[in-house]
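The values are calculated or read from the model by the stated rules, or taken from the named source; none is laboratory data. This structure is a prediction, so every number in the text was calculated from the model and none was measured. Virtual Cβ from ideal backbone geometry, glycine too; neighbours counted across all protein chains shown.
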Amino acid sequence: MQKRQLTSNPRIPYQMSSQRPRLQPPEGKPILVHICINLEVWPFDQPMPRAILQAPHGQQPKPDIANFSWVEYGLRCGLPRLVHELGARGVAASNIMNARFPEVYPSAARAAVAAGWSLVGHSVVQRSLQTETDEKAVIAEALARLEAYQGRRPRGWLGPGFGETLETPDHLKAAGFEYVLEWMVDDLPSWMWTRHGPLLAMPYALDLNDVTIFALEKHTAAEYVTRFTDALGVFERETAHNPRVLTLALHPHIIAVPHRFGAFCRVLDMLQRRADTIFMTGDQIADWFLAQDQRGLELDHG
C-alpha cells in the first residue's frame, strides 16, 4: 500500500505547476474556458447568505426584503440575459444549481436545461455544509433531487460558499461524485485523496469570481475586463508548457445586472476572438484530463 506524502494539504499532494506532466490541449487549444453559472435558492424566511445592503444597527432582518430582491432580480432579469447571450454565441456552460431550484424557480430551471448547460451539484439550498447537522443526508438529498429532475446524476459538486467539513470530500466520493470545484489550488485539475478513492479538484475562480470583484471588493465593471485581459496575458505565456483552465464564475444577480453585463460581453468577445481558447463544461474538462492522467488511481485510499 502506497504511503501518502506528508503535506500541509491533507487532500492534494503539493506540486509546482511548472513540474506537472505535459498535457495535450483539446483540439490544439490550450486555454480551456469554463463558464459556471450559479443558480441558487436563498430562503425568504432566513438570514441572507450575503448582502448588498447592510441593515442598520448590525441586525439580520427576517425577511430581508432588500437583499432577497437583489438576488431574485438576477433570476428574473439577469438569467434571461445570460441564456440569450450564451445561446446566441453557442457557448457551453456549467449549471451549478441548488437541488431545490427546479421546485422554487421551475421556469428558470427549464431554461438552463433547454440551453444545454451541464449540471453540477450545489447542495439543496444556499447554505454551507458546515452548518448542516447531517451533511451526508444533505448530499444524498441533493443528488436524488437533481437526478430525478434531469434524469442523470451530476458528476461535479460545488459547496455553497465553498463550505466543507473535514469529511466532505469523502462523503462526496462515496456518493459517486467525480470532481469538486472548491479546492482552487491549481490552473489544471488535480487529484485529491479521499477514503473512498481519488476525486478530481477542478480549477474554479476566486480572484476572477464576480462575487469577489463586485460584491466583496466593490470594483467598477471596467475591472472585470482588466482582470481577464491581464490573466490571459499570463496564461498565453504559460501555455507553452501546459494548458490552463480559465473559469468565469458567475451569479445572475451580480454579473448580469445592466451596468455590468456589457463588460461581461466584452470579455466573451475577447475570448471568442482568440485562436487558443476553447469553451468547455466541467464534465468535458474532467473527461479531457482523465483521458491523459490516471495517476489518481495510485492514491492510497485504504
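Kindly list, by first and then second residue, each pair from a residue in the stretch 213-225 that is farther than 12 Å from residue 262 by Cα to a residue that is in a loop (DSSP other than H, G, I, E, B), limited to pairs with Cβ atoms under 6 Å and residues at least 6 apart or on different chains.
Sorted first by the residue in the stretch 213-225, then by its partner, the pairs are 213/219.
Would you please list the contacts, defined by Cβ atoms under 7 Å and residues six or more apart or on different chains, that run from a residue in the stretch 138-157 that is assigned to a loop (DSSP other than H, G, I, E, B) to a residue that is charged (D, E, K, R)?
153/147; 155/178; 155/283
When you scan the stretch 112-142, how many residues do you find that are within 26 Å of residue 279 (Cα to Cα) and touching a Lys or Arg at 6+ places or on another chain (Cβ under 7 Å)? Steps first, please.
Residues of the stretch 112-142 within 26 Å of residue 279 (Cα to Cα): 112-123.
When the remaining residues are screened for being touching a Lys or Arg at 6+ places or on another chain (Cβ under 7 Å), the result is none.
Qualifying residue count, the stretch 112-142: 0.
Considering only the stretch 265-280, I want to know if a residue exists there that is free of Cβ contacts under 8 Å to residues at least 60 places away in the same chain, of a type in the set (A, V, I, L, M, F, W, C) and in contact with a Leu (Cβ under 9 Å, 6 or more places away or on another chain). Write out each step before concluding.
Looking only at the stretch 265-280, we keep the residues that are free of Cβ contacts under 8 Å to residues at least 60 places away in the same chain, and these are 266-267, 269-270, 273.
Those still in the list that are of a type in the set (A, V, I, L, M, F, W, C) too: 267, 270.
From what's left, in contact with a Leu (Cβ under 9 Å, 6 or more places away or on another chain): 267, 270.
Yes, because at least one residue in the stretch 265-280 is free of Cβ contacts under 8 Å to residues at least 60 places away in the same chain, of a type in the set (A, V, I, L, M, F, W, C) and in contact with a Leu (Cβ under 9 Å, 6 or more places away or on another chain).
Among what's in the stretch 130-170 and is small (Gly, Ala, Ser) and farther than 24 Å from residue 12 by Cβ, pick the residue that is surrounded by the most Cβ atoms within 10 Å (Cβ to Cβ).
The initial filter retains those residues of the stretch 130-170 that are small (Gly, Ala, Ser), namely 137, 140, 142, 144, 148, 151, 156, 159, 161, 163.
Checking which are farther than 24 Å from residue 12 by Cβ leaves us with 137, 140, 144, 148, 151.
Values: 137: 12, 140: 15, 144: 13, 148: 10, 151: 8.
The selected residue is 140.
Does residue 127 satisfy being assigned to a loop (DSSP other than H, G, I, E, B) and among the basic types (Lys, Arg)?
Working: assigned to a loop (DSSP other than H, G, I, E, B): yes; among the basic types (Lys, Arg): yes.
Taking the combined requirement at face value, the residue satisfies it.
Does the stretch 171-193 hold any residues that are in contact with a His (Cβ under 6 Å, 6 or more places away or on another chain) and either touching a residue at least 60 places away in the same chain (Cβ under 8 Å) or surrounded by 19 or more Cβ atoms within 10 Å (Cβ to Cβ) (or both), and which are they? Step through it out loud before you land on a result.
Initially, the stretch 171-193 is screened for residues in contact with a His (Cβ under 6 Å, 6 or more places away or on another chain), giving 173-174.
Selection gives 173 alone.
For residue 161, are the conditions met, namely being touching a Pro at 6+ places or on another chain (Cβ under 7 Å) and within 19 Å of residue 124 (Cα to Cα)? Lay out the reasoning, then the answer.
Numbers: touching a Pro at 6+ places or on another chain (Cβ under 7 Å): yes; within 19 Å of residue 124 (Cα to Cα): yes.
Criteria met by residue 161.
Taking into account only those residues within the stretch 91-123 that are surrounded by fewer than 22 Cβ atoms within 10 Å (Cβ to Cβ) and assigned to a loop (DSSP other than H, G, I, E, B), which is farthest from the chain's Cα centre (by Cα)?
Only one residue tops the list, namely 105.
Would you check if residue 244 is under 27 Å from residue 19 (Cβ atoms), modelled with pLDDT of 95 or more and surrounded by fewer than 14 Cβ atoms within 10 Å (Cβ to Cβ)?
no
Looking at residue 81 and the list (1) more than 26 Å from residue 179 (Cα to Cα); (2) not in a helix (DSSP H, G or I), which single condition is not satisfied?
Among (1) more than 26 Å from residue 179 (Cα to Cα); (2) not in a helix (DSSP H, G or I), residue 81 violates only (2).
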